[in-house]
Amino acid sequence: MILPSQQIAALIEGGHVRMPDAPDGGPVGLSMGQDGTGLPPTLQPASLDLTLGRRAYRMRASFLPGAGGRVADGIDALCLHEIDLDAGAVLETGCIYLIELGEALNLPETLSAVTNPKSSTGRLDVFARAIGEASDRFDALPAGYEGPLWLEVAPRTFPILARTGDRLSQIRFREGAMKPVGHQTVSVDLSSDKDIVGYRARRHSGLVDLRGVGAHAALDYWEPVRLTEMAGEKGGLILEPEEFYILASREAVEIPVDQAAEMAPIDTEIGEFRAHYAGFFDPGFGVAAAGGSGSRAVLEVRGRDVPFLLSHGQPVAHLVFEQLSATPTSLYGAHGSSYQAQGLRLSKHFAA
């Protein structure tokens, strides 16, 4: 089962999750709450945002340390140069960076953890995945893991301005093995009653400041995909190879208050495209009581080797639901959210 916010807070209080230092040098603890909650601002209903540390490394290649291996050995072998993020640094497209995260873990033997890019990270087409010491796969920390965390970051479309403390990834904690309690198929909305059905990223755009919420003119970075570009009478979109698109699901999505969900591909051989990069859905997303009625899933889609016709209503992914060990004290969107009740929505960094 997945741990809710109050149990993640207990992990922090018990020293099982080490939080980064605050700008004044003191520890970031439960005193740094919002709205009088007394909880860290990085705490979500069923996850914890991970923050970038100071040290980043420009790498020649991605790697996994493997059983018994050390991340430091991979850095020594593959690092081109070290970057200090305290003053901010531009992470260029086509480059791979390894960044030490501000958080570290000392998990009980009963708890494992999984990580995933945040929604805004996926919508910026930033490839991000976490590793730990001796990791033999990405985005997964075994039960009882003790040690630091790193995030591999590879901007694909836009260069990004990143600083210490910025959030690109999030972590969930799981007790026992994953046991899905439900599934929901997600298909793409390319219906003929909409003028704009998606957005295609412009190549060679300016950089995106990760702290610049609403500070970037959307049309400087994105081209609207309109019905005149559709193919065929039934409606469809031809995905161009290596182009990046933001589309929306046909179905409304609702995550029960005692469950969490993750978006997963239906089939790796479904077509010449990738349908999503960020996949955590917190409890309360799309729930009317939390202001989310009618919420759609946003799909981050990248064409691959050849042009591919994506049709209206074509299934592209599914949501896998998992039970929480308790109902969280705060639901998604309860204290404000960029994506509750969303339809077709670019990342929070862009203003119309």
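The values are calculated or read from the model by the stated rules, or taken from the named source; none is laboratory data. On a predicted model such as this, the values are computed, not experimentally measured, just so you know. Note that each Cβ is placed from the backbone with ideal geometry, even for glycine, and that neighbours are counted across all protein chains shown. The accessibility values were calculated without ligands, DNA or RNA, using every heavy atom of the protein model including side chains. Shrake-Rupley method; radii C 1.70, N 1.55, O 1.52, S 1.80 Å.
Overview of values
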{"read-out": "All strands (runs of 3 or more DSSP E) inside the stretch 60-143 with 3 or more residues being open to solvent by less than 40 Å² (accessible area, probe 1.4 Å)", "value": "96-106, 111-117, 126-132"}
{"read-out": "SER169 vs. criteria outside any strand (DSSP E or B) and surrounded by 21 or more Cβ atoms within 10 Å (Cβ to Cβ)", "value": "no"}
{"read-out": "Every pair of residues 6+ apart whose Cβ atoms lie under 8 Å, when the first sits in the stretch 168-195 and is free of Cβ contacts under 8 Å to residues at least 60 places away in the same chain while the second is basic (Lys, Arg)", "value": "ASP195/ARG226"}
{"read-out": "Boolean, PRO224 is touching a Ser or Thr at 6+ places or on another chain (Cβ under 6 Å) and farther than 24 Å from ILE266 by Cα", "value": "no"}
{"read-out": "Of all residues in the stretch 291-307 being over 18 Å from the mean Cα position of the chain (by Cα) and open to solvent by 20 Å² or more (accessible area, probe 1.4 Å), the one that is farthest from ILE238 (Cα to Cα)", "value": "GLY291"}
{"read-out": "Of all residues in the stretch 1-15 being touching a residue at least 60 places away in the same chain (Cβ under 8 Å) and out of contact with any strand residue (DSSP E or B) (no Cβ under 6 Å at 6 or more places or on another chain), the one that is least open to solvent (accessible area, probe 1.4 Å)", "value": "GLY15"}
{"read-out": "Residue identified as touching a Pro at 6+ places or on another chain (Cβ under 9 Å), at pLDDT 95 or above and within 21 Å of GLY15 (Cα to Cα) among GLY147, GLY165", "value": "GLY165"}
{"read-out": "The stretch 113-125, residues that are in contact with a Lys or Arg (Cβ under 7 Å, 6 or more places away or on another chain) and farther than 18 Å from ASP282 by Cα", "value": "ASP125"}
{"read-out": "Only listed residue being at positive phi and more than 21 Å from the chain's Cα centre (by Cα), chosen from GLY74, GLY147, GLY94, GLY69", "value": "GLY147"}
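Here's the yes/no breakdown for (1) crowded, with 21+ Cβ neighbours inside 10 Å; (2) assigned to a strand (DSSP E or B); (3) modelled with pLDDT of 85 or more:
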residue	(1), (2), (3)
LEU309	no, yes, yes
GLY313	no, no, yes
ALA317	yes, yes, yes
ALA326	no, no, yes
LEU331	yes, no, yes
ALA341	no, no, no
LEU344	no, no, yes
LYS348	no, no, yes
